[in-house]
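Heads up: the structure comes next, in structure tokens.
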Amino acid sequence: HLEARYNYEDINTASVFAGKTWKKGGDLLLTLTPMAGVAFGNSNGFLPGLECSASYSKINFYSENEYMLDFKGKENYFFYSWTQLSANTFKNMQAGVLAQTLRWHKTKFDIDRGIYAEYVLGKFTFDVYYFDLFTNYDFAVASLTFEF
């Protein structure tokens, strides 16, 4: 497993990850990917992480977790988690609920809850996320992924 990101851990920060994926199939498909990475740019540090998923029939669960061990010191350490539960609604499309959690060193968890929809077209995946519905702090995120 190889992964690269930009502006994910911090603004003007790139990160790269490597790991190994294990799958166990059948009616219930389980996937586990422990990985390690580094961040460099505005923030610099070591990033142990874990991605996992489970799928059964039309129901999907996915979670991505990482811990940032910033080279500047513990006051910049943080834990981040992105978790979603969805159902395949139509061919190549799924929709569901999600939460992202952030916890800085010695702080309480900050949780954003939301809804999302995803559409897959060949090797491209289009996602739209809407967080903190019905609050003054709502926000949206869109992403485009290419898998090779």
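Every number here is computed from the coordinates shown, using simple stated rules; none is lab data. The structure presented is a predicted model; accordingly, all values stated were derived computationally and were not measured. Heads up, the Cβs are rebuilt from the backbone with ideal geometry, glycines too, and the neighbour counts pull from every protein chain shown.
Numerical summary
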{"quantity": "Percent RCO, i.e. relative contact order, over the stretch 5-117, from Cα pairs under 8 Å lying at least 6 residues apart", "calculated": "15 percent"}
{"quantity": "FRET efficiency estimate (nearest 0.05) - Cβ-Cβ, Trp104 to Leu29, R0 25 angstrom", "calculated": "0.15"}
{"quantity": "Sorted peptide list for 117-129, 17-29, 45-57, criterion being average Cβ within 10 angstrom, highest first", "calculated": "45-57, 117-129, 17-29"}
{"quantity": "Magnitude of the charge dipole, the stretch 64-113, Cβ model with Lys/Arg +1 and Asp/Glu -1, debye to 20", "calculated": "100 debye"}
{"quantity": "Euclidean distance between Cα centres, the stretch 1-58 to the stretch 72-125, Å", "calculated": "12 Å"}
